[in-house]
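To start, the structure under review is shown below, and the notes come after it.
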Amino acid sequence: MPGAHLDCAAPLGGVSIVTARLSALAQPASVPLLALLACAVCVLLLDLGRAPRRLMAALSLTGLIIAAAMAVIVVTSGQGGSIQGIMSLDGSSALFVLFFCGVGAACLLTEQGMPAALGMRDASGYALLLLAASGSTIVAQSNHWMPTIIGMAVLHVSLAALIGSQSAWLYVLVQGLSQALTLFGAVLLYGATGTMQTGGLLDVLARSVPQGTANSLAVLGTGLVIAGVCTSMVIAPFHIWLRRACRHAWVPAGPMLSLALPATAVAALAHVRHTWTAASDLLALLGSMSVILGYVDALRSRSLPGALAGVTIAQSGCLLLAWVAAPDSGWVPPFYLMGSSGLAIVSLWALAASVQSEANREPAVDDLAGLGQRRPWLGAAATLSLLSIAALPPLAGSIALLAFLRSAAAAYSGAVGMVLAGVGVAWLLTGRWTWTMWMRPPTDRQWARTTPELLLLAVLSAGGLVLAGICAEMLMRWIAGLSAIV
Amino acid sequence: MNQLGGFPLLTLIVAVPVLGAAIVLFLRPARGDTLRWLAVLVASADFFISLFLYMGWVPDLSGTVQFQDGPWPWIPSLGIQHHLAIDGVNVHLVGLTTLLAPLVLLAAWPHSTSTGRATAFWVLILEASTLGALTTRDLACFALFWLTALVSAFLLAGLTGYPSGAAAHYIAAMAIAAVLMLACLVYLSGVRPGLDIPNLSTNPLPWQTQAWLFWAMTLAMGITSALCPFHLWYIDTQRHASPPARVLISVMLLNIGCCGLIRFCLPAFPLAVTRFAPALVLLSTIGLAYAAVRALGQRTFPSALAYWNVAQMNLALIGIFSLQNLGLHGATFLIVGRALSTAILLLVGPTQDEQQRVPSHGANPHGNAGRLVLLLGFLSALAIPGSVEFIAQSTLVLGMMRWRWQPDNPGAPSAVWDWLWYALFAFGLLVSAWTLLRSYSHSLPSTSRPGTRRQALLTVPLLLVTLLAGVRPSVFSDMIGPTVHRLLGEIMSGLETDLRQKAPPASSPEEMPSPPSDQPDTTQWLPAHGHPPMASASITVLGPEYVISCPARTWIAPLLLGVCPS
């Protein structure tokens, strides 16, 4: 086993490293994570004391805002850095933390906007939401396989509990498989490199393997990690489970399922993409396939959450391709894409939450008929989000797509062509939904009252897409500046 | 150049409707009449502002763009900038757009009682996006305005309901066009420092790259211009859309497509343009004949007029890709003339429902204003002398008579091909005219419907412009001419640059190498002294070569039309 002699104690003591170095967590770099965990504990304590639900929601929101703000402040003030070599807070991970906290806040607002009968059944759900964000944060900050896998596990367990009983079993099953594949792949990579650190994996491989020869163990390990992470990231052909999970999931957990999960998986995948030279090509192919399959799935779907699952798959594909092409163009396009697709999908989940009026009734695309006449602002927000997904300039989605496709065009021209075909399908989807919302006569069904929270969420997201598109250069510079901080 | 000392007049012209739309959006719906008057006021103000373009126009033989705003960087990392300017071709399209918007808003009054706010909002947005697309010099900004226009036209068309089949056609057309344009943008933003016209036209791309980019952009613009065979979405729109949407789509969207072809395709891809121009001319001629025949088979006025428009757009494409002064002149006049005639006929002519209610051959004793205007509109569309369509079609036909299939290949059976092509071309023109006459006789009974008099009054400005352009074409052609010269010059300079890049540095003109077999032989356009051959080449550019020495056969089509080319 080449290189196994380098750090034999590391895998055996992986868990012990984490437990033994807990004291090291009291550093600025761990403040975002601690803020999230502290708020989760507080919410649980308040729940024991039967505190009002609004108070717990406010506390959760505060925790998310503090975590996001602290991540940025710590990094920009130069106090980030490594936590005992297993985790670190640099510019990229701060951007991830910002994203995860934003998604968590969107889930909270969606839940607050739902009718009481469709709201959170148990106040511990707020703690689960914070835990899910914590899991994602751990993965984003990790430099070591153990925190990566632990973070993913925290995210999956929290999400499985959040999305509800009907689809939880499927979710647990699929993510269990994903975790197993990732763990086994990490073990094989350890065998190939002799280290559980993910930061210098490429350097170690380059030293231990002669130039030009393939390390079969590393290839197999990388392949397994890719399969495992792609399952979490809902990349084709590991995407089939998401539609069913979304259709039966509790709607406010939708943004977490659609956004946090793929982004966390991308953060995990970033560790291995250099360990196998053909990995980038494979990932680009899988990403572009996902774009087409996802949008086709969304176009065919009659269920609103099912269609959103398709959009999620397609956006994950775009994100993967942007990430693969990133070294050539910097890390700005993937982060910008992540933000723009996040805003669009949050707005669409707010739409799904508005349409749902009964607990056991799945919102359908046909339910959108006449939305433009009944809820013009909500309809306008949804239309803008769809147009952003379909890359209508100057909405943020179009700028993001242009930025990452431009960088990917030279190296992955075939994949770019497939993504463009996928965008064509996205236009069809946008046209179909727009026609349904604005040109079909309203149906006779009773509509749930659109609460101010949902309207605010949808309108803010859509407005964010417009603003992010118009101020794209400023945003890109800010992202470039922050992500450059190591 | 900017003759106003840097004042952003064009930006103002584009921004005024957007501001108006924003005010309309936030106005309380209860104030219906206020809201409509406000929209009309905003659109009228924009029209009066746009008159400064004509008043301040500097006669400039070099064809330089005028009233330039920018370039101001918007997203420099992607090469996108805000850069507006107009040339002698676009200035008329801008004027037409600003003239039409308030008229359509006034004409839409009775149709938009329940959808007044939405109609006003979308008309203003469509006007702003059309103006933006017509004036921008940056391809990414063009895509922005063009796609916004497509989407707003779709939403405007669907205000009174839209059948799913028609919507599906429109959406599919929009999707294909958008993807093709996005593909061009992605590629060009990667290889060019900027996406504005000067950056796109300098240092032509390799031949293969130009070929696929050219086809992608031409298809995108062809779909928008409703060229045959991409016209189904347009026909459906004309059948089912609300009346204001029909007029605006027929005028604004179709004009944007032509503008995109002339403004971006021709200078950016000179090699591909010269290589594929004959194929496009042939396809357009077939499209012209096909659309004319289909128009003849239509039973309702909007459908027949829609097919006539498709035929006219194909005719304009023939003029554009003839790559000749006269052809491009004619195409520009045709785009303006077609838009004017269509607007008049759609505003006064019967809608689909009205025609179905009124018997085709019923007695109509009313010699009212509607009837008169309808007659004038049809006469204008029929290209009678004194109308802009007459100038357009006669110029275009004369230009096309100089066009040859294979000019520098003596062995080719060019005469046979020429005759066949002339026959098809003349057939298309004749059947188009016949269609109009037939439509007139069928639509006459329904011109006495209530409100026709008011609609007729609204068309008076359009009729006056038609007459002005027909009687004094020099007012317009003095502005168009230098721009056309410059455009063809840009194509030529692109070919010359390509030739210089292929040639070894020290070689003399006599030793100029022939290009590889898989590349178009651009040397055929350029003799040794570096200027194009005036007598025989497809591209007759630069210089006062308006003297037409055409053989007898070139008189056939004009004579068949009843037009005297002299």
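So that you can scan it fast, the table gives a plain yes or no per residue for (1) within 23 Å of A:Thr430 (Cβ to Cβ); (2) out of contact with any Ser or Thr (no Cβ under 8 Å at 6 or more places or on another chain); (3) away from chain A (no Cβ under 11 Å):
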| residue | (1), (2), (3) |
| --- | --- |
| B:Trp146 | yes, no, no |
| B:Ala166 | yes, no, no |
| B:Ala172 | yes, yes, no |
| B:Leu188 | no, yes, no |
| B:Met221 | yes, yes, yes |
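Against the definition (among the basic types (Lys, Arg), assigned to a helix (DSSP H, G or I) and free of Cβ contacts under 8 Å to residues at least 60 places away in the same chain), how does A:Arg477 come out, yes or no? Answer is yes for this residue.
Of all positions in region B:390-400, none carries a residue that is surrounded by fewer than 19 Cβ atoms within 10 Å (Cβ to Cβ), under 25 Å from the mean Cα position of the chain (by Cα), at pLDDT 85 or above and β-branched (Val, Ile, Thr). A single member of A:Gly317, A:Gly330 is on the phi > 0 side of the Ramachandran plot and within 23 Å of the chain's Cα centre (by Cα), and it is A:Gly330. For region B:97-113, state whether one or more residues are under 28 Å from A:Gly469 (Cα atoms), of a type outside the set (Gly, Ala, Ser), in contact (Cβ under 8 Å) with a residue 40 or more places away in the chain and crowded, with 24+ Cβ neighbours inside 10 Å. Within region B:97-113, one or more residues are under 28 Å from A:Gly469 (Cα atoms), of a type outside the set (Gly, Ala, Ser), in contact (Cβ under 8 Å) with a residue 40 or more places away in the chain and crowded, with 24+ Cβ neighbours inside 10 Å. I'd like to check something: does region B:119-140 contain any residue that is crowded, with 24+ Cβ neighbours inside 10 Å, facing chain A (nearest Cβ under 10 Å), under 26 Å from A:Leu420 (Cα atoms) and not polar (S, T, N, Q)? Checked region B:119-140: at least one residue is crowded, with 24+ Cβ neighbours inside 10 Å, facing chain A (nearest Cβ under 10 Å), under 26 Å from A:Leu420 (Cα atoms) and not polar (S, T, N, Q). If we scan region A:290-302, do we find a residue that is surrounded by fewer than 24 Cβ atoms within 10 Å (Cβ to Cβ) and without any contact (Cβ under 8 Å) to a residue 24 or more places away in the chain? There is at least one residue in region A:290-302 that is surrounded by fewer than 24 Cβ atoms within 10 Å (Cβ to Cβ) and without any contact (Cβ under 8 Å) to a residue 24 or more places away in the chain.
Modelled with pLDDT of 90 or more and over 25 Å from the mean Cα position of the chain (by Cα): which single residue out of A:Trp447, A:Trp435, A:Trp377 fits that description?
On the way: A:Trp447 fails: modelled with pLDDT of 90 or more; A:Trp377 fails: modelled with pLDDT of 90 or more.
The conditions single out A:Trp435.
Residue selection: A:Ser290 satisfies the criterion of being part of a helix (DSSP H, G or I), at pLDDT 85 or above, of a type in the set (S, T, N, Q) and touching a helix residue (DSSP H, G or I) at 6+ places or on another chain (Cβ under 8 Å). The single residue among B:Asp46, B:Asp33 that is surrounded by fewer than 17 Cβ atoms within 10 Å (Cβ to Cβ), within 19 Å of B:Ala107 (Cα to Cα) and among the acidic types (Asp, Glu) turns out to be B:Asp33.
Please state which one of A:Leu155, A:Leu205, A:Leu173 is at pLDDT 80 or above, more than 24 Å from A:Phe99 (Cα to Cα) and assigned to a helix (DSSP H, G or I). Before you say what the answer is, go through the steps one by one.
Details: A:Leu155 fails: more than 24 Å from A:Phe99 (Cα to Cα); A:Leu205 fails: at pLDDT 80 or above.
Unique residue meeting the criteria: A:Leu173.
The lone criterion from (1) under 19 Å from B:Ala226 (Cβ atoms); (2) buried (at least 23 other Cβ atoms within 10 Å of the Cβ); (3) within 14 Å of another protein chain (Cβ to nearest Cβ) left unmet by B:Leu93 is number (3). Might you check whether a residue that is among the small types (Gly, Ala, Ser) and either within 14 Å of chain A (Cβ to nearest Cβ) or touching an Asp or Glu at 6+ places or on another chain (Cβ under 8 Å) (or both) occurs anywhere in region B:52-61? No, region B:52-61 has no match at all. Would a scan of region B:421-432 turn up a residue that is surrounded by 19 or more Cβ atoms within 10 Å (Cβ to Cβ), at pLDDT 85 or above, under 30 Å from B:Asn203 (Cα atoms) and not hydrophobic (A, V, I, L, M, F, W, C)? Taking every residue of region B:421-432 in turn, none turns out to be surrounded by 19 or more Cβ atoms within 10 Å (Cβ to Cβ), at pLDDT 85 or above, under 30 Å from B:Asn203 (Cα atoms) and not hydrophobic (A, V, I, L, M, F, W, C).
Which of the residues that make up region A:158-170 are touching a residue at least 40 places away in the same chain (Cβ under 8 Å) and part of a helix (DSSP H, G or I)? Listed by number, the residues that qualify are A:Leu159, A:Leu162, A:Ile163, A:Gln166, A:Ser167, A:Leu170.
Of all the helices (runs of 4 or more DSSP H) wholly in region A:346-462, which have at least 2 residues that are touching a Ser or Thr at 6+ places or on another chain (Cβ under 6 Å), buried (at least 21 other Cβ atoms within 10 Å of the Cβ) and more than 12 Å from chain B (Cβ to nearest Cβ)?
On the way: elements: A:371-374, A:376-389, A:396-408, A:413-438.
Passing ranges, in order: A:376-389.
In the condition set (1) surrounded by 21 or more Cβ atoms within 10 Å (Cβ to Cβ); (2) hydroxyl-bearing (Ser, Thr, Tyr); (3) outside any helix (DSSP H, G or I), A:Ser82 is compliant with all but (1).
The values are calculated or read from the model by the stated rules, or taken from the named source; none is laboratory data. If you're wondering where the values come from, they're calculated on a predicted model, not measured in any experiment. A quick note on method: Cβ atoms are made from the backbone with ideal geometry, for glycine too, and the neighbour counts reach across all protein chains shown.
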